[in-house]
Amino acid sequence: MLEVKQIDVYYGAIHALKGVSLEVVEGEIVTLIGANGAGKSTTLRTISGLLKPQKGTITFEGQTIAAKPAQQIVKLGISQVPEGRRIFANMSVMENLELGAYIRNDNKGIGEDLDMVFKRFPRLAERRTQIAGTLSGGEQQMLAMGRALMSRPRILLLDEPSMGLAPLLVKEIFSIIKEINAAGTTILLVEQNAHMALSIAHKAYVLETGRITLSGTAKELAASESVRKAYLGG
Amino acid sequence: MDFASFLQQLGQQLINGISLGSIYALIALGYTMIYGIIRLINFAHGDIYMLGAYFGYFATAILKMSFIPSLIIAMVLAAITGMVIERAAYRPLRSAPRIAVLITAIGVSLFLEYGSMLLVTPQPRTFPAVFPAEIYNVGGLVLNSQQIVILAVSLILMLVLNYVVHYTKSGKAMRAVSYDTDAAKLMGIDVDKVISFTFAVGSALAAAAGVLVGIYYNSIDPLMGIMPGLKAFVAAVLGGIGIIPGAMLGGVLMGVIEALVSGFFSSTFRDAAAFGILILILLFRPSGLLGKNVREKV
Ligand SMILES: Nc1ncnc2c1ncn2[C@@H]1O[C@H](COP(=O)(O)OP(=O)(O)OP(=O)(O)O)[C@@H](O)[C@H]1O
Ligand SMILES: [Mg+2]
């Protein structure tokens, strides 16, 4: 469904991604794990069109998308929950969700998806008129996910959804990710919490300083000696 | 001066100040919206206001149109001009350092000023009287028909703007881009289009101000945008640059302060007062009256 092939991405002189390739098959949860600064966010930002690869190709359902502007990539069905959530803190919960549906004009469908989001995140339903910046960290993460779902994506890119959340909330977020996937949305999940990520993913990639160093099924990686040492604490 | 005549004078200057201030507010809105969306002090904005006055002049004096159609034509033409300027001068510099864009804005400003001189001559022109100049006496205070028109038009435009910004899809997109451009892109918002739209709206408001000033002072010239442009910029900073209600408040305050200074002291101090305010805000409240104190977004 999504195929990233040998991409090189730079920030000025900094060579952030060096020939990164990965593939996401429809219906799966694929996770990309790696340490701070490995290039995980850069990978997602490039897929979403916020950065352009110097080399390499990105194809989504047969179309090359690397040269397309970000807004067209969203229209093709790729939606991202960025690192740090990046909700519109000065707007209400409702306005954030409406902006999530910006590319759509089917009011009926938008209404249905709004119900779906509120069902999945009941806490947002109670707070629909609240200013988003006053939500708790966990609620903000839910809002960022709900907002991304409002475009009715075919694939959802999640950048460290567990960041800064209490363990109980992390569990809740991960079970919601599983539910979203079960409902038919493909998922590419970036995480530092390798343990949780590998527990729900089908496939996994390990990124180290801009290069993919390992890949395989989540089970294989969870069992691999080097992954256990580096990311699972022994 | 006894107390009654002091009060009367105060009331009179407030009326004058609020009329003038609404004009500053209309110009300041464009400054603040454009700053909010691309962090640019668009120094050419005062010149758009001047162009608006000329568009209004041609519609009324030459095409003999009445007030409302002239106002609309001036606003539409200025909106187009604003979009063209953004497209031609600022968009190519989207990823250039901010100072480069700022210098370009000054260049655009000079281009519009001296280009207009070439086209319409530096000679001031007399704006036709589109309204019978009537003077109303309300409890000892003098209010003329131009002031009423200025207040009414500004109020309507600000209400429309408020509606557009808060309740329409384009307005929401504008606020999203202004808050976090990358996050807005991830929503599928076409940022270039939103920037274009912002220039259109800001320029249309400036043009309305230009037409209103033409009606108020009867005289327009190619350099008329410089001073009001600067003052509206001060007004935008006073209210908190990037904050829409701030521009409205800052503009009106600015007009009132100027009127009070010229009414109670001398009109020679008027401009000094305006720029004195700028210095005071920058010293004591750089984020403006309605601004949150320095919280750079991360
Ligand atoms: N805007 C930027 N300008 C310059 N360099 C950047 C920029 N963003 C990221 N980098 C660099 O690119 C590399 C990859 O960063 P990236 O944010 O993709 O890492 P990450 O794997 O997401 O890390 P983390 O887990 O901390 O979020 C890092 O070395 C980082 O310093
Ligand atoms: Mg990251």
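The values are calculated or read from the model by the stated rules, or taken from the named source; none is laboratory data. As the structure is a prediction and not an experimental result, all values here were calculated from the model. Positions of Cβ are generated from backbone atoms using ideal geometry, with glycine treated the same way; all protein chains shown enter the neighbour counts. Just so you know, the surface numbers come from the protein's heavy atoms only, side chains and all, with ligands and any DNA or RNA stripped out. Shrake-Rupley method; radii C 1.70, N 1.55, O 1.52, S 1.80 Å.
Across the alpha-carbon set of the stretch B:3-284, the Rg to Rh ratio works out to 0.98, Rh being the Kirkwood radius. Show that you can apply the helix-only estimate: for chain B, add -39,500 (n - 2.57) for every DSSP H stretch of four or more residues, divide by all residues, and state [θ] at 222 nm to the nearest 500. After summing the helix terms and dividing by the residues of chain B, the value is -24000 deg cm²/dmol. Taking a Cβ cut-off of under 11 Å around A:PRO161, the surrounding Lys, Arg, Asp and Glu residues balance to a net charge of -4, with basic ones at +1 and acidic ones at -1. Among the residues of the stretch A:96-111, those with an accessible-area drop of 40 Å² or more from chain alone to full protein complex, heavy atoms and 1.4 Å probe, are A:LEU99, A:TYR102.
Since only B:LEU205, B:LEU290, B:VAL261 are under comparison, the one whose Cα sits farthest along the positive direction of the charge dipole of chain B, derived from C-beta charges on Lys, Arg, Asp and Glu, is B:LEU290.
Only protein heavy atoms count here, probed at 1.4 Å, and on that basis chains B and A bury about 1900 Å² of accessible area in total.
Taking a Cβ cut-off of under 15 Å around B:SER22, the surrounding Lys, Arg, Asp and Glu residues balance to a net charge of 0, with basic ones at +1 and acidic ones at -1. Diffusion coefficient (Stokes-Einstein, Kirkwood radius over C-alpha pairs, 25 °C, 0.890 mPa s) for chain A: 137 µm²/s, rounded to a whole number.
In summary, the lysines within cross-link reach of A:LYS55, defined as a Cα separation below 29 angstrom excluding same-chain residues under 8 places away, comprise A:LYS5, A:LYS18, A:LYS40, A:LYS68, A:LYS75, A:LYS203, B:LYS185, B:LYS193.
In this structure, the amide hydrogen of B:SER219, modeled 1.01 Å from its nitrogen in the peptide plane, lies closer than 5 angstrom to those of B:PHE127, counting only residues at least 5 positions away or on a different chain. When both the stretch B:198-225 and the stretch A:142-215 are represented by their alpha-carbon centers, they are found 53 Å apart. Within a straight-line Cα-Cα reach of under 16 Å, B:LYS172 can be paired with the following aspartates and glutamates, leaving aside sequence neighbours fewer than 8 residues apart in one chain: A:GLU95, A:GLU98, B:ASP180, B:ASP182, B:ASP190, B:ASP192. Within the accessible area of the stretch A:2-231, what % is carbon and sulfur when the probe is 1.4 Å and the other protein chains stay in place? So the carbon and sulfur contribution to the accessible surface is 51 percent. Using a probe of 1.4 angstrom and keeping all protein chains present, the accessible surface of the stretch B:3-284 works out to 42 square angstrom per residue. Normalised per residue, the accessible area of chain A is 42 Å², obtained with a 1.4 Å probe and no contribution from ligands, DNA or RNA. Residues whose amide H comes within less than 5 Å of that of A:TYR205, counting only those at least five positions distant or on another chain, are A:THR31, A:LEU32, A:ILE33 (H built at 1.01 Å from N in the peptide plane). Cα convex hull, the protein assembly as shown: 181 Å³ per residue, rounded to a whole number.
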